[in-house]
Structure formats: structure tokens, C-alpha cells
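These notes concern the structure reproduced below.
We did not get these values from a lab; they are worked out from the coordinates using the rules stated. The shown structure was predicted, so the numbers you read here are calculated from the model rather than taken from an experiment. Positions of Cβ are generated from backbone atoms using ideal geometry, with glycine treated the same way; all protein chains shown enter the neighbour counts.
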Amino acid sequence: MEYLPIFIQIKNRPCLVVGGGPVAARKVALLRKAQAEVTVVSPQLCDELQKLSDENLIQHTGREFEESDLGECAVVIAATDQRQVNEQVSALANSLRLPVNVVDNPDLCSFIMPSIIDRSPVVIAVSTGGSSPVLARLIRTKLEGSIPAAYGRLASLVEGFRDKVKSTFPNVESRRGFWEKILEGKVAELVFTGHEDEARVVLDRAIDTQSEKPEMPGEVFLVGAGPGDPDLLTFRALRLMQQADVVVYDRLVSPAIMEMVRRDAEIVYVGKERDKHTMQQENINQLLVRLAKEGKRVLRLKGGDPFIFGRGGEEIELLAQEGIAFQVVPGITAANGCSSYAGIPLTHRDYAQSCVFVTGHLKDGSVDLNWKALAHPNQTVVFYMGLHGAPTLCKEMVAHGLPASTPVALVEQGTTPQQRVYIATLDTLLEVIASKDIKPPTLIIVGEVVTLHEKLSWLEEHHVDNEDSVFAYKD
């Protein structure tokens with residue numbers, strides 16, 4: 001380790017920036033965010049710094065740098081475009097043992113400025129030792145996606161309870177266990193969802209139990225896993241996937257997404273296929289209730305969106321009835337994900353002014369739909385779980401007014417590396433399904449927007465056996 005990571009308190013302390021351009025302005029902004037008293041030495045100032053000077057938010061010395069400017073500075077930053085001036089600032093600051101940073105010149109620095117993730121009072125610094133600031137920024141971006149902004153509010157909340165926890169749990173190990181449970185449990189989730197007052201009450205009550213292993217109430221996270229590509233998960237979904245004690249997941253949750261759940265979580269598969277249910281829906285509902293009542297954090301992970309043909313409503317009805325806390329995290333539903341990856345816009349001013357999502361079979365296994373409402377021109381209809389009912393689909397859509405030549409797309413295993421897209425019409429759909437041996441999960445899209453597939457597909461096509469197509473990302 002070439003540099004010691006360290007955080008310096010510069011609140012109300014004098015700090016010097018040499019240089020008056022946009023780069024200097026960025027450094028001034030950081031110093032001011034840390035509540036430093038900033039002086040800028042430069043013959044001229046950029047508009048941003050000039051405004052700060054006019055508002056007396058910084059001190060400006062309108063000339064070239066002089067040794068006397070260093071004074072008793074807590075931090076010195078050289079941000080000019082003149083190598084000789086930067087070297088002079090560095091040499092003089094080092095001779096006085098003042099921390100000095102020269103922008104983009106690690107060899108002249110006694111400290112470097114990291115890439116910062118600010119969730120005050122939580123602050124995370126990422127550094128490559130000056131070797132690649134761009135890489136540090138890229139790493140920061142990845143971290144920011146997994147660290148909710150509410151972590152700062154969570155830190156502020158628990159700060160007010162530190163003394164009480166210390167007196168209640170004098171043992172270091174019990175104290176650590178308590179905080180781990182709090183910071184990964186109900187209190188944290190209440191803060192993340194904007195219920196800080198309730199979080200304060202729950203935390204206070206947990207401390208008052210004076211138990212070395214405080215029992216926190218169970219909760220169910222109903223999370224949409226999207227259509228298959230892990231990159232389509234939401235930030236909240238990822239966070240809850242890492243917190244769950246038990247994961248109850250469906251068949252349509254891809255293996256790549258399951259790789260992202262907490263490693264030591266208990267895994268329960270409840271997948272369903274047509275006429276082959278690992279567990280009946282009623283039993284799944286009861287399972288969620290039982291696990292939550294045992295005080296566990298339960299991740300109910302569903303393909304797509306839990307409220308769009310995902311039976312999520314049925315599950316949380318029982319949870320609400322039993323008084324069990326739950327939260328719902330939307331996911332990208334298959335219609336959006338698969339159509340986008342196939343290059344088929346679901347609506348388009350020239351082709352479709354409305355879009356309808358329907359399920360290919362009802363609870364009793366029938367395909368009894370309002371065909372008159374579905375068979376409209378200038379409308380896109382997306383059939384979920386429609387392969388089994390495809391013969392009825394084709395027959396009824398034509399019988400109720402759509403031309404047999406109406407374009408149809410089948411998207412098999414959409415958004416995954418195994419995605420296949422087949423184009424047909426209502427007249428040829430059954431032939432394509434039979435000849436290509438198409439299997440679930442497959443989405444069926446009916447409407448004129450399908451004609452845009454060839455033009456708008458943003459995935460690179462590779463031919464297999466000169467017939468089938470496999471799609472991969474374009475560069």
C-alpha cells in the first residue's frame with residue numbers, strides 16, 4: 001500500500017487553492033463541502049469561482065502565488081496549468097510539512113484526492129494511487145449503484161443510540177451482533193423506505209429488550225427479478241437479495257440472477273411449469289407466512305414483475321391478513337424486456353397507439369379472453385404463457401377481425417444469452433412453433449410493430465445452421 005487512506009477534519013480551517021480555472025473550481029467545491037475556509041490565489045477566476053468570491057464564500061487573492069500564501073494552511077492544492085508554478089507550490093508546502101496535492105501530478109503530491117461517494121456522514125473514498133483517476137471514477141460509479149443514498153440517514157440515526165447500546169450491551173461481541181442485526185434488518189429498511197420515525201421507535205424498542213440476541217420481526221421482500229438479464233435488476237432488488245435469510249424463487253428466475261443472492265441464505269425452489277407444480281400456490285403463500293413468523297427475512301423472488309401475471313397480489317393478501325410486514329420491489333416485466341431486446345417497440349405513432357398485456361391461460365387452464373377487445377388494428381397485444389393456447393389465439397384473433405397476415409413475434413428466453421426471435425404471422429404462427437420446437441418461456445407479440453424488428457433490432461445477429469438466429473450485444 002503506497003498511500004495511507006486517511007480522513008482529515010478541515011471544518012473552519014484555512015485551505016489554499018492555487019489556480020482559478022475550472023479544475024481549481026472542482027477542488028474548491030470539495031473543500032467547501034467539507035466546510036473549509038478556502039482562499040484562492042490566482043490573477044483571474046473562472047465564472048464559477050468569481051461568483052463564489054462575489055458572494056464572499058471564498059477569499060480571493062488576485063495575483064501570482066507567493067510563499068507567504070501558505071501560512072498555516074491545513075491543506076494546499078495546486079491546480080494551475082503551469083508546471084513551474086505547481087512544482088514551486090509542491091516544494092514549498094513539503095518544506096513546511098503541509099499536505100499538498102498537485103492535480104494530475106502524483107509525483108508532486110504528498111496526498112492524493114480520491115474519487116468520493118458521499119452519503120454523509122458515511123463517506124467512501126476510492127483511489128488508484130494516482131495511476132488511473134478514470135478507473136477510480138468507474139469503480140465509484142459501480143459502488144454508488146449498490147449503496148443507497150439513505151445510508152447517510154441510517155448512520156445519523158444509529159449515532160444517537162450508540163451510548164444507549166453500549167450501556168445495554170457491555171460485551172463487545174453482543175454489541176456487534178446487535179448492530180449487525182439492526183443494520184441489515186427492519187430498522188434499515190424502514191430508513192430506506194422513508195419511515196425514519198418508525199425506525200427510531202423499532203430501534204429503541206430493540207435496545208430495551210436488553211437481550212444479547214434481540215429478536216427482530218420477520219419480513220417478506222416480494223421482488224421482481226426481471227426477464228432474465230441480471231443487469232436489469234433494480235438497486236433495491238440487489239440490496240434485498242443480499243439481506244435475505246431465505247430465498248423462495250420461481251422457475252423463471254435465471255441462474256445468473258440466483259448467483260447474486262446471499263451465499264449463506266436458505267434456498268427454496270417453488271417453480272411451476274404447466275401441469276407440473278413443485279408447490280401449489282396456496283402452499284407457497286403459507287410458506288411465506290410461516291418463515292416470516294419465525295423471524296426470518298424472506299426474499300420472494302419472481303421472474304419479471306410480481307404484479308404482472310406473477311401472482312404477487314395473491315401472496316401479499318395473506319401476508320397482510322396475517323399482519324406480516326412486506327415490501328414490493330417492481331421488476332421489468334417480460335413484455336418490456338423481451339420486446340426491447342428484440343427491437344420491437346410496443347407502441348409507435350405509425351403502428352400502435354395502445355398496448356395490452358394478457359395471459360395465455362387462466363387459472364382453470366382455459367384461454368377464454370375478450371377477443372373482440374383484443375382484435376383491434378393499431379394495437380399491440382402481448383401474450384404471456386401463450387404457447388399452449390396458440391391455436392386458439394390465432395383462430396380467435398382472425399375470427400374477430402385481424403387479417404391472417406398480421407405480424408407476430410415469438411421471443412424465446414428473452415434478454416438472456418439464449419434469446420431467439422422468430423417472426424411469423426397469425427396464419428403461419430403454428431407452423432413456426434412446430435418447426436422450431438419453441439419452448440417456454442416464450443412471449444408472443446401480435447401487431448404491426450413487429451415489422452420494425454428487422455430495422456430496429458439493436459442486437460447483432462449470428463446465424464446458426466443458416467436458419468435460427470442467436471442474438472448478442474452489439475459493440
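Brief remarks on what is shown
- Derived scalar couplings between HN and Hα for segment 33-45 equal 5, 8, 6, 7, 8, 9, 10, 10, 10, 5, x, 9, 10 Hz in order, rounded to whole Hz, by the Karplus curve 6.51 cos²θ - 1.76 cosθ + 1.60 (θ = phi - 60°), x for Gly and Pro.
- A Cβ-based charge dipole, computed about the Cα centre of segment 56-104 with Lys and Arg at +1 and Asp and Glu at -1, lands at about 100 debye.
- Pair-distance distribution P(r) for the chain, from all Cα-Cα distances in 20 Å bins starting at 0: 19, 36, 31, 13, 1 percent.
- Relative contact order %, the chain, counting alpha carbon pairs below 8 Å whose residues are six or more apart: 9 percent
- Candidate cross-link partners of residue 455 among the lysines, defined by an alpha-carbon separation under 18 Å and a same-chain spacing of 8 or more, comprise 474.
- Degrees, to the nearest 10: 133-146 long Cα axis against longest axis of the chain: 50 degrees
- Overall form of segment 219-332 per C-alpha gyration tensor (a/c, 1.5; a/b vs b/c): rounded
- Equivalent-ellipsoid semi-axes of segment 291-356, from the Cα gyration tensor, Å, largest first: 34, 12, 7
- Translational diffusion coefficient of segment 36-174 (Stokes-Einstein, Kirkwood radius from Cα pairs, 20 °C, 1.002 mPa s): 117 µm²/s.
- Electrostatic dipole magnitude of the chain [Cβ: Lys, Arg +1; Asp, Glu -1; Cα centre; debye, to 20]: 940 debye
- Hull shadow area, averaged, segment 111-153 [alpha-carbon convex hull, nm²]: 2.9 nm²
- Dividing the Cα radius of gyration of segment 335-473 by its Kirkwood radius returns 0.94 for Rg/Rh.
- For segment 271-427, pairs of C-alpha atoms spaced more than 21 angstrom apart make up 55 percent of the total.
- Per residue, the convex hull spanned by the Cα atoms of segment 154-208 measures out at 63 cubic angstrom.
- Dipole of the chain, positive direction: furthest Cα of 406, 141, 73, with charges on the beta-carbon: 73
- Neighbourhood charge, 12 Å Cβ-Cβ cut-off, centred on residue 327 and excluding it, Lys, Arg +1 and Asp, Glu -1: +3
- For segment 130-250, the gyration tensor built on C-alpha atoms gives an oblate shape. Its axis ratio a/c (a ≥ b ≥ c) is at least 1.5, and a/b is not larger than b/c.
- Rg/Rh, computed from the Cα trace of segment 6-116 with Rh as the Kirkwood radius, has the value 0.92.
- DSSP beta bridge pairing in segment 223-331, given as percent antiparallel to the nearest 5: 20 percent
- Using only side-chain charges placed at the Cβ, +1 for Lys and Arg and -1 for Asp and Glu, the dipole size of segment 17-106 relative to its Cα centre rounds to 280 debye.
- Stretched out straight at 0.36 nm per residue, the stretch from residue 111 to residue 242 would grow longer than its current Cα-Cα span by 43.6 nm.
- Among beta bridges that DSSP assigns inside the chain, antiparallel share in %, nearest 5: 40 percent
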